[in-house]
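First comes the structure, then the notes that go with it.
Coordinate-derived values only; no laboratory data. Not measured: the values here are computed from a predicted model. Here the Cβ positions follow ideal geometry from the backbone for every residue, glycine too, while neighbour counts run over all protein chains shown.
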Amino acid sequence: MNMKLVLAGLSIVMAATSASAYDLKGNMHQLNDDLMNLQSGFIMGKKEMVKEAATNLTKHSQDLFRSETYIKNKLPKGKEHLATVAMNTSHQIDENLKIMLDVLDDNTKRLIAQRSLFGVTQACIQCHNVVRDW
Ligand code: HEC
């Protein structure tokens, strides 16, 4: 077999692997920034900030968890089988953000909006629990 070809193939595989690990980290930090902004919006009582952060988090989460195959390739080595868990928890993120945005303008439903913040946070942590065995 042509050694140069093998080496070229190997470096492509290695580049692809490190690129995907880096991508997930970047995506996760983006989700975390959105979640921090969301929480700040609630703590400071700024509805517009909540709306913007919830919209951004929905967009970034849907983009990352677009399909089981897509996320499977981004999960750490040996954790690929958790793609189904990833999709389920990402639906929880979506659902809670949808509820939050739906009730946000109605002050009588304040508690529902606030509970959905915990629902989102819980979904993030649940997926991490499974991935990290913590
Ligand atoms: C697939 C399920 C899954 C979901 C859902 C998920 N994460 Fe993660 N997250 C991971 C994995 C996998 C890692 C990388 C491995 C690790 O850190 O143990 C990670 C890592 C992180 C990190 C650390 C990145 C680093 O530099 O090490 C942060 C911050 C983070 N996630 C935030 C969030 C937030 C915020 C949410 C919810 C909006 C969320 N994640 C939802 C799977 C998930």
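General remarks:
- Pairs, first under 22 Å from PHE42 (Cβ atoms) in segment 111-134, second away from the ligand (no atom under 11 Å from the Cβ) and not in a helix (DSSP H, G or I), C-beta under 6 Å, six or more apart: ALA113/LEU104
- Filtered by the rule that a residue be basic (Lys, Arg) and either more than 10 Å from the ligand (Cβ to nearest atom) or in contact with a Phe, Trp or Tyr (Cβ under 6 Å, 6 or more places away or on another chain) (or both), segment 102-134 gives LYS109, ARG110, ARG115.
- Looking only at residues in segment 83-110 that are in contact (Cβ under 8 Å) with a residue 24 or more places away in the chain and over 14 Å from the mean Cα position of the chain (by Cα), the one that is nearest to ASN27 (Cα to Cα) is LYS98.
- Scope segment 81-101; condition in contact with a Lys or Arg (Cβ under 8 Å, 6 or more places away or on another chain) and more than 9 Å from the ligand (Cβ to nearest atom); matching residues: LEU101
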